[in-house]
Amino acid sequence: MSSEAGRAAVFLDRDGVINVDRGYVVRWSDFEFLPGTLPALRALQGLGYLLIIVTNQSGIGRGYYTEGDFALLSTQLIDHLAEEGIKLTAIYHCPHHPTDAQGGYRQACNCRKPAPGMLLRGLEDWDLDASRCVLVGDKPSDIAAGEAAGIGHRFYVTSGEACPGAEAVSGLPQVVQQLNVLATT
Ligand SMILES: [Mg+2]
Ligand SMILES: [Zn+2]
């Protein structure tokens, strides 16, 4: 990467991008990495990207699990990745839902994707150049958030339908392939 360019990160949705989406994954024993995730994260790190997770967690607002449950799983993930030589820079989560959450969690926030709040916060917290950042998601709401935040490279993990505004990929390993192509052209 050019020394004149700002820092860049790969913003990763969690469920369906890093691990199998079982719906409201909250226990480490239910956290199953998708094939090739660990080598792909290592490769992204090797390309100079920070690694940042941005994840909607309305299960907190809905009362399915607590902030503490989510924090524990996040710590277990960070620790496991560290043992694998992978540094996760940050995890941003949105606990809200506009209609189905309880108490103060029920709000139309600016962080639940497709809103760009988590991405904008990450860009500011880590002094990132949005145009050089990458977003990887498996739902159109991920891609919409990335577009709204001005993330330059957007990838949509899919086995079927494409998503406007993103390049379709089969998973993180293919994201690495595509970024390697960009890096050498
Ligand atoms: Mg997902
Ligand atoms: Zn939120």
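Values computed for the structure shown
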quantity	calculated
Spin-label pair Arg22/Asp69, simplified geometry with 7 Å Cα→Cβ offset, distance in nm	1.2 nm
Rel. contact order, % - alpha carbon contacts under 8 angstrom, at least six apart, the chain	23 percent
Ser170, Ser159 arranged by Cβ crowding within 10 Å, fewest neighbours leading	Ser159, Ser170
Percent breakdown of C-alpha pair distances by 5 Å bin, ordered from the shortest bin, for the chain	1, 8, 17, 22, 22, 17, 9, 3, 1, 0, 0
Restricting the stretch 16-99 to GluC sites (Glu not before Pro) in coil, as DSSP defines it, with at most 16 other Cβ within 10 Å	Glu32, Glu84
Degrees separating the helix 172-183 axis from the principal Cα axis of the chain, which is the longest one	40 degrees
Cα-based equivalent ellipsoid, the stretch 32-90: semi-axes from gyration tensor eigenvalues, Å	25, 11, 11
Which of His93, His80 has the fewest Cβ neighbours within 10 Å, and the rest in rising order	His80, His93
Relative contact order of the stretch 126-185, defined on C-alpha pairs under 8 angstrom at six or more residues apart (%)	26 percent
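Only the coordinates and a few stated rules stand behind these numbers; no lab work does. Fair warning: this is a prediction, and the values are worked out from it, not measured in the lab. All Cβ positions, glycine included, derive from the backbone under ideal geometry; neighbour counts span all protein chains shown.
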